[in-house]
Amino acid sequence: MNYTIDLPEKNAGKLRKTLDPYLAVATRAGRTGGTGRGTSRAAQPARSNRDQNQAIREWAAKNGYEVSERGRIPTTIVEAFHAKR
């Protein structure tokens with residue numbers, strides 16, 4: 001992480017001296033590299049997602065699940081769909 005603090009040199013030195021022991025044993029946290037925008041999975045085209053959601057909704061309706069025509073599909077239904085394929 002990088003920060004900028006506007007301090008006179010005398011106070012900046014004091015701050016560095018105070019933080020040095022902590023920074024010496026600290027570990028880096030958070031995202032590394034890249035643009036700062038990570039994704040947990042490869043991006044798929046929106047059309048592909050819509051097609052898959054439609055297939056899940058059709059499968060769910062045929063198999064006795066109640067699922068709305070719009071909105072988020074419950075995880076239990078998505079998991080059941082993938083388990084049966």
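Which of Y22, Y65 comes first, and how do the rest follow, when ranked by fewest Cβ neighbours within 10 Å?
Working: Y22 8, Y65 16.
The most exposed by this proxy come first: Y22, Y65.
How big is the equivalent ellipsoid of segment 44-85 along its three axes, where each semi-axis is √(5λ) from the Cα gyration tensor, reported in whole Å from largest to smallest? Don't skip to the answer; put the middle values down first.
Values: eigenvalues 53, 28, 16 Å².
Working through the eigenvalues yields semi-axes of 16, 12, 9 Å.
None of the figures in this text is laboratory data; all of them are computed from the coordinates on show. Computed from a predicted structure; not experimentally measured. In this analysis, Cβ positions are derived from the backbone assuming ideal geometry, glycine residues included, and neighbour counts consider all displayed protein chains.
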